Structure formats: structure tokens, C-alpha cells
Amino acid sequence: AQSVTQLGSHVSVSEGALVLLRCNYSSSVPPYLFWYVQYPNQGLQLLLKYTTGATLVKGINGFEAEFKKSETSFHLTKPSAHMSDAAEYFCAVTRLGGYNKLIFGAGTRLAVHP
Amino acid sequence: EPEVTQTPSHQVTQMGQEVILRCVPISNHLYFYWYRQILGQKVEFLVSFYNNEISEKSEIFDDQFSVERPDGSNFTLKIRSTKLEDSAMYFCASSEEGTLSSGWFFGPGTRLTVL
């Protein structure tokens, strides 16, 4: 079975500060990992994904995440927060095969203050 | 850019009533999904649908739930007799191939409130 844990339901940072959103996964098979973002009144938008290959993955809006198998982690980072980054962020995992349902974490709401 | 749309954005209903949540997936997509998120909890998979039949469903998706693709564009989720615990945000998603390369596209969600 696969699962995802996101540490911290709410994270608050200052504009210009480092953003770090934590995600740990559990999977008995090689995982495929995703970060989605949800802005108010919008759908879930894919930020980035890890499938195979390079463990440091770059996504949209300056975000990146690093797959660390030894730590079963896929933390999301951005060097400098912008006010427009305020949103809810979801980490998700799936596996190869089947119709590929996504298993989501509970989400982390990011607040960015001036 | 094509997008998944959902209606209504917010639905309020009385316990025991039937509700139908509607989704219009992206037009060339073949795989369709419903997920839900109870306030403060995880986004949970409900059901996947391909080739006019359910391909996988979770244990949440009991006999009170059904899905349908009544025409070439809509994908609906019906809850026959709503319970208080059905109150949640319901997300529809679609995928061209259901694969990692094609990805999944989500709608903005319908917030269902059962009183």
C-alpha cells in the first residue's frame, strides 16, 4: 500500500524567505511522486513530478523537489517566496500500472506575509 | 488551454436527498476520476472510469455512489441518499491515457454541504 504524510498543515513565511514544504511517502514499489498546488477557487495544478532519473526535479514558478529514497522524502522548496505563492500544496504518490490513482497527502496551506 | 470544469461550485442539500455533481473533462481524454476531500483531511480517491465502466473504486465508493458518462462530454457523480459525512469537496479529474506522461488534470471542485 502507498501513503503520503505532509508535515505541517499550515506554513507561514515572509516574502523573500525560503519555502520548505515537507512530504514523506510510504511505498512497497518504486514510487512516482507529485506536487500539486491549489489556488483559491481553482483546480489542482501540477507543480512538478518525479518518475525516474534525476532526483532533483524542477517545476513551475521556481519550485523544485528532491527525491531521497533513503529518507523516503520528497520535500518541496523554493529559494524565495512570493506573495503569489500563497496556496494549498498537495504531495501525491502513485505507482506504475493500472489506471494510476493518485494517493494524496492532507495538504499544506502556505501563507506568505510581507 | 483546455481545462476540466465542474458544476455547481457549491451544493447544499438535506440529508437523505440525492445529489448529482457534474464534470466536463477535457475533450480528448479517456480516463476519468472522482476524488474527495473532507475538510481538514486528505484528498481521497473515489473511483476511476474508462471505456464506459468503472475500472477501480475505493471502499468509500459504496452502493450510494454511482458514476455515469451520459453523453460525450459530461461525467457525473451521483450520491443517492446523502449523509452528513458526505460533506466534502469533490474533485473531478481526467487523463488522456491514464499514464505518468499524459498526467491528470483536475477541476476546481464542488463543495458539497449536507445539512
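So for chain B, averaging the separation of alpha carbon pairs under 8 Å that are six or more residues apart and normalising by length, what relative contact order in percent results? Numbers along the way, then the final one.
Working: 282 pairs, mean separation 43.3, N = 115.
Relative contact order of chain B: 38 percent.
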Average beta-carbon neighbours from other chains, 10 Å sphere, peptide A:39-48:
4
Rg (one decimal) and Dmax (whole number) from the Cα set of the stretch B:14-101, in Å, equal 12.9, 41
Specify which residue in the list A:79, A:17, A:55 is farthest towards the positive end of the charge dipole of chain A, using unit charges on the beta carbon of Lys, Arg (+1) and Asp, Glu (-1), about the Cα centre.
A:55
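Using Cα pairs closer than 8 Å and at least 6 residues apart in sequence, work out the relative contact order for chain A, in percent. Walk me through the numbers on the way to the answer.
Numbers: 285 pairs, mean separation 42.6, N = 114.
Worked out over chain A, it gives 37 percent.
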Fully extended, how many nm does the chain gain between residue B:63 and residue B:78 (0.36 nm per residue separation, minus their Cα-Cα distance)?
4.4 nm
Quick one: Cα centre-to-centre distance for the stretch B:53-98 and the stretch A:10-55, in angstrom?
25
Check chain A and count each lysine pair with an alpha-carbon distance under 16 angstrom, considering only pairs eight or more places apart or from different chains.
7
Directionally averaged projected area (convex hull, Cα atoms, the stretch A:15-88), nm²
5.2
Of all C-alpha pairs within the protein assembly as shown, those more than 23 angstrom apart amount in percent to 48
Which percentage, to the nearest 5, of the DSSP beta bridges contained in chain B is antiparallel?
90
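Nearest-5 percent of antiparallel DSSP beta bridges in chain A? Intermediate values should be presented prior to the final figure.
Working: 35 of 40 bridges.
Taking every DSSP beta bridge within chain A, about 90 percent pair in antiparallel fashion.
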Taking trypsin sites (Lys or Arg not before Pro) as exposed when DSSP calls them loop (any state but H, G, I, E, B) and at most 16 other Cβ atoms lie within 10 Å, what is the longest stretch of chain B free of them, the sites themselves excluded?
B:1-79
So if I place +1 on the C-beta of Lys and Arg and -1 on the C-beta of Asp and Glu, and nothing else carries charge, what would the dipole magnitude of the stretch B:40-115 be about its Cα centre? I want it in debye, nearest 20.
300
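Which value, in debye to the nearest 20, gives the size of the charge dipole of the stretch A:5-114 about its Cα centre, when Lys and Arg are +1 and Asp and Glu are -1 at the Cβ? Show your work: numbers first, answer last.
Details: 9 positive and 6 negative charges, 68 e Å.
Using Cβ point charges on Lys, Arg, Asp and Glu, the stretch A:5-114 gives about 320 debye.
We did not get these values from a lab; they are worked out from the coordinates using the rules stated. Owing to the predicted nature of the structure, the values given are computational and were not obtained by experimental measurement. Virtual Cβ from ideal backbone geometry, glycine too; neighbours counted across all protein chains shown.
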